[in-house]
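A.B. asks: One structure, as structure tokens, below. Some questions next.
The values are calculated or read from the model by the stated rules, or taken from the named source; none is laboratory data. Everything numeric in this text was worked out from a predicted model, so none of it was measured. Virtual Cβ from ideal backbone geometry, glycine too; neighbours counted across all protein chains shown.
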Amino acid sequence: MYDCVENRARDGRKFRMLCVVDEFSREALVIRVARQLSSAAVIEVLADLFVTRGVPAHICSRGRSSWPTR
């Protein structure tokens, strides 16, 4: 499962965290933090995981309005 979470730093600037979790083992596979996360960045993270851990049988995203659309 992967999800994008948004928060604010002390100075008020937004940042996002892309969290990828193995739902079976509950292991956090990746947490990428950035001011902006494009859809290309999400694809890059998932592609890197496919290379290092193999292609999963299923991928689940928590569809939200906060997902990057660019």
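A.B. asks: Which pairs turn up if I take residues in the range 35-61 that are under 15 Å from Ser25 (Cβ atoms) and look for partners that are in a loop (DSSP other than H, G, I, E, B) and aliphatic (A, V, I, L, M) with beta carbon separation below 8 Å, at least 6 apart in sequence or on another chain?
C.D. replies: Every condition considered, the pairs that remain are Cys60/Met1.
A.B. asks: Give me the residue from the range 14-70 that is within 10 Å of Tyr2 (Cα to Cα) and assigned to a helix (DSSP H, G or I) and, out of that set, modelled with the highest pLDDT.
C.D. replies: Ranking the qualifying residues of the range 14-70, first place goes to Leu46.
A.B. asks: Same structure again: Taking the range 1-18 as the region of interest, how many residues are under 8 Å from the mean Cα position of the chain (by Cα) and among the aromatic types (Phe, Trp, Tyr)?
C.D. replies: Here the count works out to 1.
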